[in-house]
Each structure stands twice: as structure tokens, then as C-alpha cells.
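**Q** Have a look at this one before I ask anything.
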Amino acid sequence: MSEARERLLDTATRLFYAEGIHTVGIDRIIAEAGVAKATFYRHFKTKDDLVVAYLVREYGRQREVLESVPGSGAESITGIFERLGEISCGPGFRGCPFLNAAVEFPDPEHAVRKVVDDYRGWFRDLMADRLRTAGYAVTDDAARALLLTRDGVAVSGGLSDIETVRVGIRVALSGLRN
């Protein structure tokens, strides 16, 4: 990845996450990244292409973090949710970048929504895999419930409702022990 493309993505990531995608214009990203407009368009044909690149990068980052949580089965799921709880209750947390983007791009056929759907499908599949490893026979409903819990953790954390994050994680994980 070129240095200019990296600066554009770094700048877009910071601004999109802090202020929202639609509120941040391309000219501002270009100015804050310190690149020429032609350089921007050499790397991204449209702002939507930049938004997709931002989400794809975040998807890879989250995959790396969550897949590296040690343990297997239910222990691994507990570790993943503990990590999500720490992140969502931490300073500067403004919600899930994927859910935030989905709100700004309501068309389910839009390329941004495709990345959001891919990420959520990956998380659901990760939970199903960990549930199977833990010996659960039926995993689809449980994996979907854990995805819903993950979404709730992100929303409640973004609203600085730390107690709801903690309770939600505790309740979801207690269901794994049954």
C-alpha cells in the first residue's frame, strides 16, 4: 500500500469513526491527509470506495484481534466477549463502525452494506465454530444470539452504558453454561 493511500485511510478512519461518514467530505480528508486531489482519485474512484476500504481494513483488524483470543469453545467465546466489553467501555469508543456505517447506508444492496453483512456473517460463523468446538449440537440460533449480544454490546458501549454492557455479556455467557 502506498504511503499516500495509507494516510488517506488513516485520516478517513479517524474522521469517519469520530464524526460519521456522511458528515465528513472528501476535501477535508484530502486536506488532513496532506495529499493532492489527483492522488485521492488515483487510489479511490469515489468516496464510497474509500468507505468500503475503511470498513475492509477494520474488518481485518477486528478479525485479527478476535481470532487471536486464546482458548477454545466456550472459554474462547468468554474471552472474545470480555475483549469486546473492554473495548466498548474504553475511552473514545463511539460504537461499532459496521453498525454505524449500516445506519448511514440503508440500501442493503450498497457495497458498504455488503461489507457490513460480510463482517456480521463472519462473526456469526466464528461463534458457531467456537460453539461446535465446545460440544454444542445446535449452533445457528446460539450463534445468532451471540451476534445480537455483540451488536448490543457495541450499541450500549457507544452510549456509555457500561452497566448494560456488563450485564448483557454476563447473561449471554451464562446461557453457554446451561
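The values are calculated or read from the model by the stated rules, or taken from the named source; none is laboratory data. What you see is a predicted model, and the numbers here were worked out from it, not measured in a lab. Note that each Cβ is placed from the backbone with ideal geometry, even for glycine, and that neighbours are counted across all protein chains shown. Just so you know, the surface numbers come from the protein's heavy atoms only, side chains and all, with ligands and any DNA or RNA stripped out. Shrake-Rupley method; radii C 1.70, N 1.55, O 1.52, S 1.80 Å.
**Q** Counting helices only, and only those DSSP H runs with n ≥ 4, report the 222 nm mean residue ellipticity of the chain as the sum of -39,500 (n - 2.57) divided by its residues, in deg cm²/dmol to the nearest 500.
**A** When only DSSP H runs of four or more count, the value is -24500 deg cm²/dmol.
**Q** Let me ask something additional. With label points built 7 Å along Cα→Cβ from the Cα atoms of Ala145 and Asp49, find their separation and express it in nm.
**A** 4.5
**Q** Got the relative contact order for the chain handy, in percent, Cα pairs under 8 Å and 6 or more residues apart?
**A** 23
**Q** Where does each of Cys89, Cys96 land when they are ordered by accessible area, with a 1.4 Å probe and the largest first?
**A** If we order Cys89, Cys96 from most to least accessible, we get Cys89, Cys96.
**Q** Which entry in (1) 46; (2) 53; (3) 73 matches percent of Cα pairs over 21 Å apart derived from the coordinates of this structure?
**A** Structure-derived value, by its label: (2).
**Q** If you don't mind, there's one more thing I want to ask. Could you compute how much accessible surface Phe40 exposes when probed at 1.4 Å, giving the result in Å² to the nearest 10?
**A** Taking all protein chains as shown, Phe40 has close to 0 Å².
**Q** For the pair Ala38 and Arg63, what calculated FRET efficiency results from E = 1/(1 + (r/R0)^6), where r is the Cβ-Cβ distance and R0 = 45 Å, to the nearest 0.05?
**A** E between Arg63 and Ala38, to the nearest 0.05, is 0.85.
**Q** Take the alpha-carbon centre of segment 81-150, take the same for segment 21-75, and report the distance between them in whole Å.
**A** About 18 Å separates the Cα centre of segment 81-150 from the one of segment 21-75.
**Q** Another question about this same structure. How do Ser72, Ser160 rank by accessible surface area computed with a 1.4 Å probe, from largest to smallest?
**A** Ser160, Ser72
**Q** Give me the one-decimal nm value for the distance between modelled label points at Thr133 and Leu99, 7 Å along each residue's Cα-to-Cβ direction.
**A** Label at Thr133, label at Leu99, 2.5 nm between them.
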